[in-house]
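The values are calculated or read from the model by the stated rules, or taken from the named source; none is laboratory data. Since the structure is predicted, the reported quantities are computational estimates derived from the model, not experimental observations. With ideal geometry, Cβ positions are generated from the backbone for all residues, glycine too; neighbour counts draw on all protein chains shown.
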Amino acid sequence: MKLTAIQERQLQEKGISKETLEKQLYRFKNGFPGVILNRAATVNDGIVPIKQLDVDALIFNYEATRDQLDIIKFVPASGAATRMFKFLHEFLNNFNQNKQSINSYINNNKANDLFTFLVGRRDLPFYTEIMESIKKKNSDWSNKSKTEKETIFVKEVLTPSGFNYAAMPKGLVPFHKYEDYSATAFEEHLFEASVYASSNGKAKLHFTIAPAFEDAFTAEFDQIKKNIEKRTKTKFDIDFSYQSPATDTLAVDLKDNPIVFEDGTLFFRPAGHGALINNLNQIDADLIFIKNIDNVTISSLEKETSHYKKLLAGYLLHLRTKTFEYLNILEKNDMEDSTREEIEKFLTEELTAVLPKDYYKYKTNYQLEHLYHQLDRPLRVCGMVKNEGESGGGPFWVHNQRGELSIEIVETAQMNKSDPRQKKIAKEATHFNPVDLICNVRNHKGEKYDLSEYCDEDTGFITYKSRQGQEIKAQELPGLWNGGMAYWNTIFVEVPLITFNPVKTVTDLLKSAHQLD
C-alpha cells in the first residue's frame, strides 16, 4: 500500500510499522487460518474435577505461602457500559408516548429486558439517587402519569442531563446497594482482592482503562480508599494502563480498501482484548489473578467465591513447584529413565500436554530437549463453569499452528461454522470460559517470560461493524486468554457457577448474586 506523508506520520505517531500494516491488509484479503477443533474439553478429558484435588491442602498451602509471594490482580476494565443500557436507548429512540403505552411497546417489541427493568427498578443499586434527583427537578412528580414517570426514570439513568450511566466505564457504574452506601464494580474488585489476592496486608491491582477515564477512576479510589481500607484491614496499591495505539488495527470497506478520513488519515480501531497481552506483559509478579470488571458479587458471597480462587492459586503453586523441580533436573542432563518417565507422566497427566506423535522414536537427548521446552513456558490455571447458554469462548482440544494437539480457550468467532464437523464439535462443549485465571509468568530462575513469544498470531479474526450506515470490516488480535496465551501450559479446573456473576445488561443487577437478602 502506498502511503501519503500524512499517513506515514500517523503510523509513526501510533508506533505501527509498515510491515504490520501490510500484514493486516493481507489478513483482510486472505483471512485467518482459523482454529481446528479436535474435540470439546470435558471433565476428565481436559478439565480437572474438583473432587480429584486435595482442596484443603491446596488452599492451606496457598494461605501459608501468600505472604512470601508478589501477587497482582489484573482487571480488564476499559469497556464502556453502553451495552448494559442498550435496550433502554432503543426504548427512548423508538417509544412515542402520544401513540402507545409502555406495555404495548413491550409487547409489540418483545422488550422483556425493559419489562424486568421497570418492574424491578426499586431494587437497582442507584434507584434512590435517581429518584432524589428526579423529584428535585419535577415538583409536580406526584401528578404525573405512570408512563411519564417511567419514561423520566429511564431518561435520568441515561441522558447527560441525568446520570449518563451508559457513557461511563462499566467499572464506575453502581453495582450493589448496601445499607448505607452503593458500591461500584471497581470497589467490589478491591474488596475481593483483599480476601484472596493480598499479601502482607497489601493488595495490588492493575486496571486496564480508557485514557479519558483515568481521572474518574482515580477520583473514585480517593473517595472510597479510607473506608474500604478500614473495612478490609488492607492497604491498596492501584495502577492503570491503556490499550496501546500500536495495537490498533486498520478498518477497511467490503472490498478491502482502507477507509480514509477527510483529513487524509487512515481509520484505525482498537483491536479487542487481545491487545491487552501487551499490558499484561508489563507486569512481573509471582501470581497474577485475571478477572473481568463485571464479574463480581456482593460482599456476603465473596468468601464463598474466594474459596475457589484460593484453590486455583494453590493448584497453580503445586504445579509450578513440580515444573521448576523438573526443569532443574533436566538442566543437569543426567537422569535415570525412571525420572524421565516421571516427567513425561507429569506433563501428560497434570499439565494436560500431549507428547509428539513420534516422541518415543526420538533419541534420548531429543526427548529431554522436548520435555524441557514443554515445561519452560508461562503457566495458567483456568476455572471453567458449566455452559448454560452463555455466548463466548470455551475449552477445547485443538490442533494449533505448530501442529501440536493442545487444550485452549476458543472464542466462537475463531471457529469454522461452515464445516459441519467443526460445528458439531462446537455444539458439544459442556463448559464456558468465565475469565477466571491465575497465571505464573516467571521461569524457574525467577526471570520473567516475554509473553509475546507464546502468542499464536494466526488466531485473530475478522469482524463486521457499521460506520455511518455502511458495513465495514475490522480486525481483532488474538484474544488475551485464547490465542494470546495459545502456547502457555494450560490447566482447566471445573468450578461452580457461583463464581461467575457477570453483568452484561443492567437487569443482571437484579439477580440474587447482586442483591442483599
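What to note about this one:
- Subset of the stretch 289-309 [closer than 16 Å to W481 by Cα, part of a loop (DSSP other than H, G, I, E, B) and of a type in the set (V, I, T)]: I293
- Residue in the stretch 460-477 that is within 18 Å of L287 (Cα to Cα) and of a type outside the set (A, V, I, L, M) present: no
- Scope the stretch 363-389; condition part of a loop (DSSP other than H, G, I, E, B) and either surrounded by 10 or more Cβ atoms within 10 Å (Cβ to Cβ) or among the β-branched types (V, I, T) (or both); matching residues: D376, R377, P378, N387
- The set of residues from the stretch 420-459 being on the phi < 0 side of the Ramachandran plot, outside any helix (DSSP H, G or I) and among the β-branched types (V, I, T) comprises T430, I438, V441.
- A search for C-beta distances below 8 Å between a residue of the stretch 407-424 that is free of Cβ contacts under 8 Å to residues at least 12 places away in the same chain and any residue that is outside any loop (DSSP other than H, G, I, E, B), counting only pairs 6+ apart in sequence or on different chains, returns K417/K423; K417/A426.
- Scanning the stretch 323-362 for residues that are outside any helix (DSSP H, G or I) and loosely packed, with under 14 Cβ neighbours inside 10 Å yields N333, D334, E336, K357, D358.
- T490 surrounded by fewer than 22 Cβ atoms within 10 Å (Cβ to Cβ), part of a strand (DSSP E or B) and of a type in the set (V, I, T): no
- Residues that are among the aliphatic types (A, V, I, L, M) and either surrounded by 21 or more Cβ atoms within 10 Å (Cβ to Cβ) or within 17 Å of E187 (Cβ to Cβ) (or both) within the stretch 198-228 comprise A203, L205, I209, A216, A219, I224, I228, listed in sequence order.
- The set of residues from the stretch 474-499 being within 26 Å of P49 (Cβ to Cβ), out of contact with any helix residue (DSSP H, G or I) (no Cβ under 9 Å at 6 or more places or on another chain) and either modelled with pLDDT under 95 or not assigned by TED's automatic domain parsing to the domain that holds T208 (or both) comprises just one member, L497.
- Pairs with Cβ under 9 Å, 6+ apart, first in the stretch 229-243 and without any contact (Cβ under 8 Å) to a residue 24 or more places away in the chain, second among the basic types (K, R) and surrounded by fewer than 18 Cβ atoms within 10 Å (Cβ to Cβ): E229/K235
- Test: residue in the stretch 295-303 that is surrounded by 13 or more Cβ atoms within 10 Å (Cβ to Cβ), over 17 Å from N443 (Cα atoms) and in contact with a Pro (Cβ under 7 Å, 6 or more places away or on another chain): yes
- Filtered by the rule that a residue be touching a Ser or Thr at 6+ places or on another chain (Cβ under 9 Å), of a type outside the set (A, V, I, L, M, F, W, C) and closer than 23 Å to S17 by Cβ, the stretch 212-248 gives S241, Y242, Q243.
- Test: residue in the stretch 222-240 that is over 25 Å from the mean Cα position of the chain (by Cα), charged (D, E, K, R) and in a loop (DSSP other than H, G, I, E, B): yes
- Within the stretch 54-113, the set of residues being surrounded by 14 or more Cβ atoms within 10 Å (Cβ to Cβ), among the hydrophobic types (A, V, I, L, M, F, W, C), out of contact with any His (no Cβ under 9 Å at 6 or more places or on another chain) and within 30 Å of D239 (Cα to Cα) comprises L69, I71, A80, A81, M84, F85.
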